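Have a look at the structure below, then the notes.
The values are calculated or read from the model by the stated rules, or taken from the named source; none is laboratory data. Predicted, not measured: the structure shown is a model, and the values here were computed from it. Here the Cβ is made from the backbone with ideal geometry for all residues, glycine too, and neighbour counts use every protein chain on show.
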Amino acid sequence: MPASFLRTAAMLCLLLQAVATAAQEMTPRAYWPAPEGTQVLTIGGAYTRGDTVPDPSLPVAGIDSEITTFTLGYLRTFNLWGRTASLVLQQPYSSGKTVGEHQELGTLRREYQGLGDFSATLSVNLLGAPSMDAAGFAELRRNPRPIVGASLRVVTPSGRYDSDRLINVGTNRWAMKAEVGYIQPLHRRWLLEFELGAWFFEDNDDFLGVTREQEPIIAAQAHLIRRFAPGFWGSLDFNAYRGGRSTVNDNKLDDLQRDSRLGATFTFPFAGRHALKVSYTQGSVNDSNENFDIYQVAYQRLL
């Protein structure tokens with residue numbers, strides 16, 4: 001395979017990280033239960049701005065992205081074998097621009113927009129949170145106890161994808177994240193949450209006309225959560241992940257993903273069945289000094 005193609009493919013994998021990094025979200029209170037039958041509609045927006053880092057073996061100066069993503073989500077809790085369980089459905093729509101500098105290829109610019117990949121997440125509490133009604137949930141709030149949960153997220157290849165483009169809103173492959181979570185009460189109003197998971201990826205068989213494989217990504221999260229009042233809470237968030245090295249037509253690329261993030265999240269209830277959730281995240285990519293920022297706001301309606 002020509003060396004110039006491998007350079008371009010490596011550049012592409014790094015450019016994709018500008019979009020795919022959003023998949024490494026931080027999710028405080030992911031395993032905190034809710035009464036059986038709870039339904040929540042979410043309309044959210046996120047603005048991502050900053051740099052991704054090129055393959056360190058390539059002479060690439062840097063990549064800068066501005067991405068706006070809107071997400072429509074639906075959550076419902078239910079009884080699964082006597083345990084609290086939930087199903088979350090999400091459909092994103094993204095619009096963005098990414099610019100990269102390559103020593104040989106020059107300036108690479110891509111503007112893109114369209115529906116992203118649809119996802120579904122099934123979560124179940126394994127310990128500490130049996131299926132409960134409103135009275136049982138109120139008792140859990142008064143006397144929180146350790147909780148262990150697990151989840152499986154499936155991302156479908158349903159988003160917009162142009163096989164002749166370097167960057168796309170969709171990924172043209174199936175992906176799955178398996179995760180376990182643990183909540184440790186520190187006080188009646190303070191919780192410490194840990195999550196450990198792994199992303200697994202199907203091959204993209206139309207990656208500029210060739211096949212791209214990707215190794216799993218291991219991701220960990222930690223959240224220090226303060227509950228102020230029913231529905232009103234805040235958290236300090238941290239995550240880190242590593243892995244995802246790509247292979248293009250049996251040629252392994254030096255594009256290992258290494259990332260860490262710090263952030264904060266607040267949720268404010270209002271008018272009874274409504275809430276506003278805001279968060280800010282800052283991170284550095286591949287142990288470099290290049291940073292990115294993510295600003296998020298979401299409106300939530302209890303149905």
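Looking at the stretch 173-188, is at least one residue surrounded by 17 or more Cβ atoms within 10 Å (Cβ to Cβ) and not in a strand (DSSP E or B)? Yes. Residues in the stretch 189-208 that are under 18 Å from the mean Cα position of the chain (by Cα) and in a strand (DSSP E or B): 9 in all.
Among T211, T267, which is assigned to a strand (DSSP E or B), among the hydroxyl-bearing types (S, T, Y) and over 26 Å from A135 (Cα atoms)? Of the residues listed, the single one that is assigned to a strand (DSSP E or B), among the hydroxyl-bearing types (S, T, Y) and over 26 Å from A135 (Cα atoms) is T211. Remark: pairs (first residue in the stretch 220-240, within 18 Å of R142 (Cα to Cα) and modelled with pLDDT under 95; second residue among the aromatic types (F, W, Y) and in a strand (DSSP E or B); Cβ separation under 7 Å; 6+ apart in sequence or on different chains) = R227/W233; F232/F268. Within the stretch 228-286, the residues that satisfy the criterion of being under 30 Å from D203 (Cβ atoms) and touching a Pro at 6+ places or on another chain (Cβ under 7 Å) are G243, D254. If a residue must be surrounded by 15 or more Cβ atoms within 10 Å (Cβ to Cβ), assigned to a loop (DSSP other than H, G, I, E, B), of a type outside the set (D, E, K, R) and at pLDDT 90 or above, how many such residues does the stretch 153-171 contain? Looking only at that region, the number is 3. Of all residues in the stretch 134-166, how many are closer than 18 Å to L191 by Cβ and free of Cβ contacts under 8 Å to residues at least 12 places away in the same chain? Number of matching residues: 2.
Within the stretch 29-49, if we keep just the residues that are closer than 19 Å to F232 by Cβ and polar (S, T, N, Q), the residue that is nearest to the chain's Cα centre (by Cα) turns out to be T42.
Among what's in the stretch 241-257 and is aliphatic (A, V, I, L, M) and surrounded by 17 or more Cβ atoms within 10 Å (Cβ to Cβ), pick the residue that is modelled with the highest pLDDT. If you could, list the steps in order and put the result at the bottom.
Pass one, the stretch 241-257, residues aliphatic (A, V, I, L, M): 248, 253, 256.
In the following step, the residues that additionally are surrounded by 17 or more Cβ atoms within 10 Å (Cβ to Cβ) were identified as 248, 253.
On the way: V248: 83, L253: 78.
Per the stated criteria, the residue is V248.
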